[in-house]
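Presented below is the structure to which this report refers.
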Amino acid sequence: MSGATDSTTLDPVLQALQDQVRDAAARGQALCIRGAGTKDFLGGPLVGEPLDVRALRGISSYEPTELVVTVRAGTPLAELEAALAAQGQCLAFEPPRLGDPALGGGTVGGMVAAGLAGPARAAVGGVRDYVLGATLLNGRAEVLSFGGQVMKNVAGYDVSRVLAGSMGVLGVLCEVSLKVLPLAPATATLRFDLDQTAALRRVNEWSGQPLPINASAWWDGALVLRLRGAQAAVASATRRLGGEPVPEPMASAFWDGLRDQRDEFFSLAAQAVAQGATLWRCSVAATAPRLALSPDDAQLIEWGGALRWVVSRLPADQVHALAADARGHAQAWRGAAEGVARVAAPPEASLRIHRALKRAFDPAGVFNRDRLLPGL
């Protein structure tokens, strides 16, 4: 942490945000941090006056040879990814581009605050693994800088990564430095006809072998693998694993749909949700067996078995218990179980840490009340 920044050095956009935070803290008024609004459904209810960060826009610095980009939090995700693609680079964790693609698929700040990653998560890591540094506007209207713009920065606590997945309860992300990676030289997608039990067993066996498996997905009797890496490694793995090769245009459309939650499974899930079901996002042990759900409940499995999307009408406490038995947790993504049943209560030790962080960064409780957990 490098400490607070003098407000006289800040641009008018950031000064205006500071003024709004000071005023809200003085009045005891809650603020709801808003970018593109693509993740309004995620977490607890939206509480307070809107704090619009979209004017914090633009790439501050980009060094392709250093594999580092620094970007303001209100920048549309599509704008950042286009700049990276022009240099043959990418965000390897594939953040979901939720909402209307024509509007840019959310903002960079929302990407970090939500901490969501796409199909490659199990192979390459999550959002927090790529956050090198961040600038934060806290509840005292102070602008704080954490981390840096290099891949090895060990000075002080790694607060910048704590912000990933914090849902904005600690403050307003103003700017973030991210590690980027080159696009892979080769990609191939293979399809296998397997039931869920066989697919879980097979993908867990393969994950322990030196194979360039970048992503996996199982649904409705089909396991799909994406291989990614050096040309020779992908070609060798393709010959070794067998399966049915999927043509690249079709494969790209599938993985993009899965990443952005626009795939056929999610379309069918939306129809079920409209009829009273709930779409659950279950993060469990990759080696956990098939969840003991009702026979009619649909499942889509990603991340080598570690992420299981479930469409179910089971009571929320039963789904939470099933996920806990699988050494994980469940989150009501959309549907009837939203609200208090969205997530199970974390252990008291974890709650104490969350509360201590909230008091340190936002003592007046200005930002995003109840978005991450009730009472925070």
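The values are calculated or read from the model by the stated rules, or taken from the named source; none is laboratory data. No experiment lies behind these values; they were computed from the predicted model shown. Please note: Cβ atoms are built from the backbone with ideal geometry, for glycine as well, and neighbour counts cover all protein chains shown. SASA here: full protein model, heavy atoms, side chains in, ligands and nucleic acids out. Shrake-Rupley method; radii C 1.70, N 1.55, O 1.52, S 1.80 Å.
Some points to look at:
- Estimated FRET transfer efficiency when R0 is 56 angstrom, pair R290-E142 (beta carbons, to 0.05): 0.70
- Sequence of T187, T75 when ordered by accessible area, the most exposed leading, probe 1.4 angstrom: T187, T75
- Residue-normalised accessible area of the chain, given per residue in Å² at a 1.4 Å probe: 45
- Rel. contact order, % - alpha carbon contacts under 8 angstrom, at least six apart, region 188-234: 47
- Formal net charge of residues neighbouring P212 (Cβ-Cβ distance under 15 Å; K, R +1; D, E -1): +4
- Here the dipole of region 21-78 is about 160 debye; that uses its Cα centre as origin and unit charges on the Cβ of Lys and Arg (positive) and Asp and Glu (negative).
- Ranked packing of 159-165, 235-241, most packed first, by mean Cβ within 10 Å: 159-165, 235-241
- Prolate/oblate/rounded call for the chain, Cα gyration tensor, a/c under 1.5 rounded: oblate
- Ordered by solvent-accessible area of protein heavy atoms (1.4 Å probe), largest first, the residues Y62, Y130 come out as Y62, Y130.
- Relative contact order (percent, whole number), region 190-278, Cα cutoff 8 Å, 6+ residue spacing: 27
- Protein accessible area in the chain, 1.4 Å probe - carbon and sulfur %: 54
- M111 - accessible surface, heavy atoms, 1.4 Å probe, Å² rounded to 10: 10
- Evaluating 6.51 cos²θ - 1.76 cosθ + 1.60 at θ = phi - 60° for every residue in region 30-41, the Karplus couplings come out as 6, 10, 10, 6, 10, x, 7, x, 6, 10, 4, 6 Hz, glycine and proline recorded as x.
- Label sites at L67 and E49, each approximated as a point 7 angstrom past Cα along Cα to Cβ, lie 4.4 nm apart.
- Region 314-370, relative contact order [Cα under 8 Å, separation at least 6], %: 23
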